[in-house]
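First comes the structure, then the notes that go with it.
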Amino acid sequence: MVAKKHSRGSMKWRTMDLHIHTPASVDYQQPGVTYLEILQRAETRGLDIIAFADHNTISGYRQMMEHVERLEFLEKSGRLLAEEQLQLKEYRRLFNKILVLPGFEFTATFGFHILGIFPEDKPLREIEHILLNLNIPAEQLDYGSDTVGATTDVIGAYQAIAEGDGLAIAAHANSTHGVAMRGFTFGGQTRIAYTQDANLGALEVTDLEKKGRRTTAKFFSGTKPEYPRRMHCIQGSDAHRLTMDEKRKNSLGVGDRTTDVLIPEVSFKALKDLFSSNDFSRTRPHRLTAEPAYDFIRSAREEGANIVQDFHESISIRGGRLYAVVADISAFANTNGGTLFLGLNADPRKAITGISKPNQAITLLEKEIGNRISPHLHCTIDAHKTGGKTILRVLVPRGDDPPYVVDDYKIYVRAESETSQAVRDEIVSLVLRGKNDSLALLSKAEDSDTEKEIGSPVISAEEEVDQSPRTGVEVVGVEERDGGSFFTVRDLRNGNVVKNVTLKSARRLWHYALTQYAGLPSNLEQAEIQWQGDFGFLHQGKQGKRPNYDLVQRTPQGYRYYFGVTDDGIHGPWKKLVGQDEE
């Protein structure tokens, strides 16, 4: 067998295309192409890693490897012809230069496509067994068609690929046959399940090189309440031919749409480790033209502080700056996880101060996290250069054993771009979350068979009954007692209801909401409010770099008031009201 490439070294950008079809797919557009020509084209495009992903089959990868094995057998028996010797030599040279991974593009129920990518030493019979378990008919196992009848649901496919030591990637997630269900006006809960599942490694998207808040990567950045898990996004060529069709520019060839990954070695393990991490700076679209080097720190500053990201110019003990960093780490762990950038302000117009002694600062931070936050929380801290200065980055995971406490009794949570000390009702929710996570882990093995029988959520047009916005604060009510006003508020992002909030005890966003609520006219119908049906626009303000909205909704039970709603929380009928186009 030809040896595969396993080069070890320091972190380095490598280029990959994990979505390449071969003549083993029935819709391949150039059936006369050889597997050797595909490898040669990959070399020409500068690819370090590729994967064969034919429709519901691995017969293309198997045919290539069987061809190589026949050549090696002939070589050992001394019967190799000169032309065959050249072929074998070329295979060996290319396999030493490019990591070629076996895989398939599985067609799940409802026609959604999923890539299953596996280690190069994975026995091909085991991969075929996975396809059979996914209900690919045995007689079609080598056919290579994307239409194979009733198979397995999306969630079951993710699980089967992961349990088979593979990497599950949602193919062209934002387009046709994609699990993001672009163009669907229903099935919200299904879309969430399909794109947030723990066994899903990454989303393959077609707009990775585009910028703006409407891109797929931006949508799955972890800031949307319904999609709290930030997803790794990559791009692949989905090549059904060797070179691009000049008449149909969207019919790509090998390496025409690729991704760069920052990994320590060219190996399947390095890829899988990357996609299971919460470091999202190590993937970027590979650009064929010369452009300024990608700076993820500059990109983060342009985005600003949010629920999963913040900045600190200093970590000095004086002035409580170091404590503020520790509090943020606790808050991220108790919420959705996140990233801290230390040594610079969020405003990209301001000069970067930097961290003068980064190694000492990392040691200090590790000690503070270990000594002051409990239970134990593993964070990754590293140094990066930007603008000629060294800054530190802290990657904080979403904790699986909340609440995470600072100095044994202080519990912090994250609400949009603000870190605040948790109140009683929030602490109760964190304790329940930790308990539920533990129970889920204990029952995972017992539930796996049940999940396979039940399948994925049924797409329903009536899933989203509650039309309230999904970020900001709802003022639920107020009670007057003991000469004071005690409010009940609801965090629209997670649904947590907090009682007995006063203007004095309220955190910043709550204080804003209560102040705006107190200033409302007694008769809304006579007030100057922009109404569209039962949805009303009260006021537009600004939170950091982003607009926010104060809104009202008429219901049979009375009015509902929402304050500080960000763009991430706007959906359905609210979009037209605030001037957003429907996606």
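To the nearest 20 debye, what is the magnitude of the charge dipole of the chain about its Cα centre, counting +1 on the Cβ of each Lys and Arg and -1 on the Cβ of each Asp and Glu?
2340 debye
Just to confirm my numbers, what's the Cα centroid distance between the range 99-174 and the range 527-583 in Å?
43 Å
Kindly state, to the nearest 0.05, the FRET efficiency for K575 paired with Q87, given R0 = 60 Å and r defined as their beta-carbon distance.
With a Förster radius of 60 Å, E is 0.55.
Out of all DSSP beta bridges with both ends in the chain, state the antiparallel percent to the nearest 5.
Around 80 percent of the beta bridges assigned by DSSP in the chain are antiparallel ones.
To the nearest 0.05, how large is the calculated FRET efficiency for D567 and E69 if R₀ is 60 Å and r is the Cβ-Cβ distance?
0.60
Arrange C379, C233 by Cβ neighbour counts within 10 Å, fewest through most, would you?
By the 10 Å Cβ count, ascending, the order reads C379, C233.
With each label point set 7 Å from Cα along the Cα-Cβ vector, what nm distance links D295 and K269?
3.6 nm
Between N371 and K76, what's the calculated FRET efficiency when r is the beta-carbon distance and R0 is 45 Å? Round to 0.05.
The value I calculate is 0.10.
Name the residue from A138, T353, L340 whose Cα lies farthest towards the positive end of the charge dipole of the chain, charges +1 on Cβ of Lys and Arg and -1 on Cβ of Asp and Glu.
The residue sitting farthest along the positive end of the dipole is T353.
Of the cross-linked pairs K272/K385; K122/K367; K272/K435; K211/K542; K385/K545, which ones have a Cα-Cα span greater than 32 Å in the structure shown?
K122/K367
With just the Cα atoms of the range 292-333, tell me how far they stretch along each of the three principal axes, in Å, largest first.
Projected onto its principal axes, the Cα set of the range 292-333 covers 38, 21, 12 Å.
Taking Cα pairs under 8 Å and at least six residues apart, what relative contact order does the range 1-96 come out at, in percent?
Relative CO of the range 1-96 lands at 38 percent.
Per-residue HN-Hα couplings for the range 372-378, Karplus 6.51 cos²θ - 1.76 cosθ + 1.60 at θ = phi - 60°, whole Hz, x for Gly and Pro?
Each residue's phi maps through the Karplus curve to give 10, 10, 9, x, 4, 10, 8 Hz.
What are the semi-axes of the equivalent ellipsoid of the range 473-578, taken as the square roots of 5 times the eigenvalues of the Cα gyration tensor, listed largest first and rounded to whole Å?
After diagonalising the Cα gyration tensor, the semi-axes are 22, 17, 13 Å.
Measuring from a point 7 Å past the Cα of V478 along Cα-to-C-beta, which residues in the range 522-551 have an amide N at less than 15 Å?
522-524
Please give the calculated 222 nm ellipticity per residue for the chain, where each DSSP H segment of at least 4 residues contributes -39500 (n - 2.57) and the sum is spread over every residue; nearest 500 deg cm²/dmol?
Calculated from helices alone, the mean residue ellipticity at 222 nm is -9000 deg cm²/dmol.
Which one, (i) 26.4; (ii) 36.7; (iii) 25.3, gives Kirkwood radius over Cα pairs in Å as derived from the coordinates shown?
Comparing each candidate, only (i) matches the computed number.
Tell me, what is the percent relative contact order of the chain, built from C-alpha pairs under 8 Å that lie six or more residues apart?
11 percent
Rounding to the nearest 20 debye, state how big the charge dipole of the range 1-96 is about its Cα centre with +1 on each Lys and Arg Cβ and -1 on each Asp and Glu Cβ.
500 debye
What is the diffusion coefficient of the range 1-112 in µm²/s, taking the Kirkwood radius over Cα pairs and the Stokes-Einstein relation at 4 °C with a viscosity of 1.567 mPa s?
85 µm²/s
Tell me the relative contact order for the range 491-576 as a rounded percent, counting alpha carbon contacts under 8 Å between residues six or more apart.
20 percent
Would you mind computing the Rg to Rh ratio of the range 300-421 from its alpha-carbon coordinates, Kirkwood style for Rh?
For the range 300-421, the value is 0.94.
In debye to the nearest 20, how big a dipole does the range 473-578 give about its Cα centre with +1 on each Lys and Arg Cβ and -1 on each Asp and Glu Cβ?
So the magnitude is around 440 debye.
If each residue's Cβ is checked for other Cβ atoms within 10 Å, how do W574, W510, W13 rank with the fewest at the top?
Ascending number of Cβ neighbours within 10 Å: W13, W574, W510.
Using Cα centres only, tell me the gap between the range 468-484 and the range 257-283 in whole Å.
45 Å
Show me 171-177, 99-105, 133-139 ranked by packing, highest mean number of other Cβ atoms within 10 Å first.
99-105, 171-177, 133-139
Restricting the count to DSSP beta bridges whose residues both fall in the range 169-306, what percent are antiparallel, rounded to a multiple of 5?
Roughly 50 percent of the beta bridges in the range 169-306 run antiparallel, per DSSP.
Using the count of nearby Cβ atoms within 10 Å as a rough guide to exposure, how do K272, K224, K210 rank from fewest to most?
In order of increasing Cβ crowding within 10 Å: K210, K272, K224.
Read the figures in this text as sums done on the coordinates, not as results from a lab. Because the structure is a prediction, the values reported are computed rather than measured. FYI the Cβ positions are ideal-geometry reconstructions off the backbone, even for glycines, and counts take in every protein chain you see.
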